[in-house]
Structure formats: C-alpha cells, structure tokens
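Have a look at the structure below, then the notes.
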Amino acid sequence: MWHITAGLENIRLDRMPARGIPALTTFPYPELDEREEDHWSGAEMSDDELRGLALGAFYSARWDAFHDELLLGPERDHPLGDRRELAIDTLTGAWGITDANEARATMEALLDGMHSPLYALINPLVNASVNASERDRFGERADRHRAFLRQVGSFRGMDNPESLVRDYDIWAQAVKIGFTEHLSRPLPHGIEAWDIARVVAVARMAFTAGYIEAEMAWAYIMRALPQAQRRYRNWRQFGDAYLAGWTFWQATEDLAELKNGGVDRRLELVRLWTRPTSPWRRIELVGSAPKTVEEITVDTTTEEPIVGPPSPEED
C-alpha cells in the first residue's frame, strides 16, 4: 500500500513506527477530489494559447469549464440559464459590463493594473508596521504612514485621499488578526497575477456572452501572457500572487469573508498545482523566452472610444 503525502513520497505505511506518528492522509487533501474532474475538450491550440487560458485556470475550475476552449463550455442545466445567460449575468452583476466597449475598457484597466498598484503602495507600509522590531506603542509609525498616504492622494489629485488611509488600516487589520494566514510567507511583493487572471476571465465571459469576437478575446489573452511570464517564473508564484490579490481586494470589500473564503481558495490552488489533469501540470508558464509587448501584433483597438472604469484609488 503506497501513499503520497505532502513532502513524503513512496513511504510504506506498514514500515513506519506507530508511536508518535500522526495518521497519514492522501496528498494533499481528500476533499479536493470531491470536485468535478478538470474538463478538456481536446481542441487543437498552440502552447501559448493554452498558457494564456491557463492564466485563468482558477475560474475554469470554479466554473467547471473547459481548460482548452475560449467558450465557457461544456453546456449544462442550470437554474439561472445556459452558459451565455450566466456569462451575461456575471458580467453585469460583478463587473458592470453590458457591452463590448465596457468589456474592452475593463480589460484595458486590468492590463494597466487595477488593484496591483494600490497593493504595491500599501503592502510595504503595512509590512514595515507589522514587522517592525520596535513596538509602536503610541501608533506614531502608523500615523506617519497615514500622513504619507494622504500626501500621495493629494498629489494624485484624488477626490478622497482618505480612501488610501482606509485601505491601509483595513489591510493592516487583516494581517494582524490572522486573516491572511492562508497566504504564502513572506507576502508576495506584487499581485499582478490577480489582475492578469481576470483579464482572461473577462475575455472568456465577454466572448461567451456574445459581446466580443474570438479574435478580440484572444488578443487580450495574448497581451496578458507576456506580462505574466515576465513577472513570474512558474505557476506556484503566479498562484500565490493571485491569492494575495484576491485577499487584498476582499479585505477592502468585506473583511469577514476572508475568514473562510481564503482557505477555500487556497485549496483550489493546491488542486491546480497538484492534480495530474490540471492545466498547470500540463504546460509550464514560461516555456521559452517571453515575448515583449511589441511582439504581440494583434490589434485590439477600434474606432469606438474606450471609457475606462474608475481606478481603485478613486473608488
């Protein structure tokens, strides 16, 4: 009888000493195998196209969708409607997207960095405060950080610079009370993966909804891929940064959701990292020299002006 455990491979259970040895379980968590198998349609595509779709593998797994098709199949019975209706409902409810122009504007904003710039500003300050060797008895260090953020907000011409202070306080609270324990340590320096993965998710939903053509959807996915390849060496780094991004965003939206939601998403990532049928096991993130933006030749511009959503700093 052979079992594979986290960090232990090919260990005979009948040859292990019983005293002081905890019960072993299958790798990594039995409940991960209760979800549906990964869905593959068998469609022919290039390695880079598969890598591009794999950037959004978390959503493919959550939606029980194909990992190797742009369309969010396979079709199935759902009380809210078919795949197209579900895509339209999600785009409208979660993103405020109702047409092609809004879909393009959102994907452009994600490629430019929707939440990652805010995290890059706030997280180092929180780390400095939480990990300081000297105790900040009177909150002076935090007060200096808040004053700095107010200056940044004023310099940027923000209508409400206090929003940066609010996000700083919320993220500091989340770290201090342990609502980020599901994240890797040290915390990732950046969360670009969070924005990049959502480019793919929005592109696939917008295509399934009928808002954009396949060529447009692929163009955005192929623009997202070199960004990920330049920033991350493998899917482990990408997944860790993605989860940090979700955690940061969720903290600013609803701190209470982090208590259980973070662990659930961590397990989903473990599933993507470990299951043989996962796209992250089928193909590596960086297979060759990453392409530069200049090498991506597909045009995503149209004659219609793009009206972008407000930046996270302006919310």
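Coordinate-derived values only; no laboratory data. All values reported here derive from a predicted model rather than from experimental measurement. Here the Cβ is made from the backbone with ideal geometry for all residues, glycine too, and neighbour counts use every protein chain on show.
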When the label point is put 7 Å from the Cα of residue 176 along its Cα-to-beta-carbon vector, which residues of the stretch 138-155 have a backbone N closer than 19 Å? 138-150
When only Cα pairs under 8 Å and 6 or more residues apart are kept, what is the percent relative contact order across the stretch 118-176? 41
Using DSSP to define loop residues, name the chymotrypsin sites (Phe, Trp or Tyr not before Pro) in the stretch 120-214 whose beta-carbon has at most 10 other beta-carbon atoms within 10 Å. 138
The answer for GluC sites (Glu not before Pro) in the stretch 82-141 that fall in a DSSP coil and have at most 16 neighbouring Cβ atoms within 10 Å is 134
Using alpha carbon centers only, the stretch 209-231 is separated from the stretch 268-285 by a whole-angstrom value of 21
